[in-house]
Amino acid sequence: MSRADEIFIGNCKDIIRNGVWDTELDVRPRWEDGAPAHTVKKFGIVNRYNLQEEFPILTIRRTAFKSCVDELLWIWQKKSNNIHDLKSHIWDSWADEKGSIGKAYGYQLGKKAIYKEGEFDQVDRVLFDLKHNPASRRIMTNIYNFEDLHEMNLYPCAYSMTFNVSGDTLNGILNQRSNDMLTANNWNVVQYAVLLIMFAKVSGFKAGELVHVIADAHLYDRHLPIVEEVMKNPLKPAPKLVVDPSVTNFYDFTVDSFELKDYDYSKLETKIPVAI
């Protein structure tokens, strides 16, 4: 059975049973009708996914794999902060009239700096170090840039990746300040599992373990009945991720470079409201 399902269910049960509510606080997020979107949360959840064993996508509900990868490439490959470069509409609520989300996400990864080896942005620096200095303990990215926060339409949630090579294996740690567990948890896990696989493939390593560190893991009040419904669904085997073997350059990957084989999931008929 899918290990990602087991982890997700364990997290949600822990949050529901042992979490802390913010109903007494004045919260920023609002529902579409203007009501405050309160949450129950757990602090400091750490999950581990072994990519050698299986691809960590939920089967108890569908995760939109192609849209996940499209957004990942929008941020990490295109380094864009404009929704017109994105096929889905998940960022529409945070974009201005020109389609910009401000100096966030892809904008931060695309900012360049001068090193002794030359000029790099954050993505190209990771690629350089994996090839030329894999023993480094400094291979990481960070898009939570204090000087630009006031010009971001949404502060980055998943803000930092740390890459670490052990022998012939590339591992990674995703740090996330905030995670809406129902709408975004597995979305982020799938994305950064794919990212780790991409970096490993073009650098000559095997993709190993993805560690996901979440500071504030929460369930919104209006999501609780949906979560309870999802957790009752049967656990099914994880699908197999097939990556185009001909791709050897990070910037040559497309959405179609990845295929999920035998992805069997339970359908969720209930529409999930999103707090803004």
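The values are calculated or read from the model by the stated rules, or taken from the named source; none is laboratory data. Source: prediction; values computed, not measured. Heads up, the Cβs are rebuilt from the backbone with ideal geometry, glycines too, and the neighbour counts pull from every protein chain shown. Just so you know, the surface numbers come from the protein's heavy atoms only, side chains and all, with ligands and any DNA or RNA stripped out. Shrake-Rupley method; radii C 1.70, N 1.55, O 1.52, S 1.80 Å.
Figures for the structure shown
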{"read-out": "Any chance residue 129 is among the acidic types (Asp, Glu) and either under 17 Å from the mean Cα position of the chain (by Cα) or under 25 Å from residue 168 (Cα atoms) (or both)", "value": "yes"}
{"read-out": "The lone exception for residue 93 - which of (1) closer than 18 Å to residue 178 by Cβ; (2) of a type outside the set (A, V, I, L, M, F, W, C); (3) modelled with pLDDT of 95 or more it fails", "value": "(3)"}
{"read-out": "Residue in segment 55-87 that is farthest from residue 198 (Cα to Cα), counting only those that are of a type in the set (Gly, Ala, Ser) and open to solvent by 20 Å² or more (accessible area, probe 1.4 Å)", "value": "64"}
{"read-out": "Pair list, Cβ < 7 Å and 6+ apart or interchain, from segment 130-151 residues that are open to solvent by less than 40 Å² (accessible area, probe 1.4 Å) to residues that are at pLDDT 95 or above and basic (Lys, Arg)", "value": "148/103"}
{"read-out": "Residue within segment 119-134 that is touching a helix residue (DSSP H, G or I) at 6+ places or on another chain (Cβ under 7 Å), under 28 Å from residue 227 (Cα atoms) and part of a strand (DSSP E or B) present", "value": "no"}
{"read-out": "Residue within segment 213-223 that is open to solvent by 30 Å² or more (accessible area, probe 1.4 Å), out of contact with any Leu (no Cβ under 8 Å at 6 or more places or on another chain) and without any contact (Cβ under 8 Å) to a residue 60 or more places away in the chain present", "value": "no"}
{"read-out": "Pair list, Cβ < 6 Å and 6+ apart or interchain, from segment 228-247 residues that are under 13 Å from residue 5 (Cα atoms) to residues that are open to solvent by 40 Å² or more (accessible area, probe 1.4 Å) and among the hydroxyl-bearing types (Ser, Thr, Tyr)", "value": "239/263"}
{"read-out": "Strands (runs of 3 or more DSSP E) enclosed by segment 159-276 - at least 2 residues per element that are farther than 22 Å from residue 86 by Cα and hydroxyl-bearing (Ser, Thr, Tyr)", "value": "169-180"}
{"read-out": "Residues of segment 1-53 classified as among the acidic types (Asp, Glu), surrounded by 14 or more Cβ atoms within 10 Å (Cβ to Cβ) and not in a loop (DSSP other than H, G, I, E, B), total", "value": "1"}
{"read-out": "In segment 152-165, the residues that are more than 14 Å from the chain's Cα centre (by Cα) and either open to solvent by 60 Å² or more (accessible area, probe 1.4 Å) or free of Cβ contacts under 8 Å to residues at least 24 places away in the same chain (or both)", "value": "153, 155, 164"}
{"read-out": "Of residues in segment 65-90 being assigned to a loop (DSSP other than H, G, I, E, B) and out of contact with any Phe, Trp or Tyr (no Cβ under 8 Å at 6 or more places or on another chain), the one nearest to residue 186 (Cα to Cα)", "value": "90"}
{"read-out": "Count - residues of segment 242-267 that are acidic (Asp, Glu) and in contact with a Ser or Thr (Cβ under 9 Å, 6 or more places away or on another chain)", "value": "3"}
{"read-out": "Selection status of residue 153, at pLDDT 95 or above and not small (Gly, Ala, Ser)", "value": "no"}
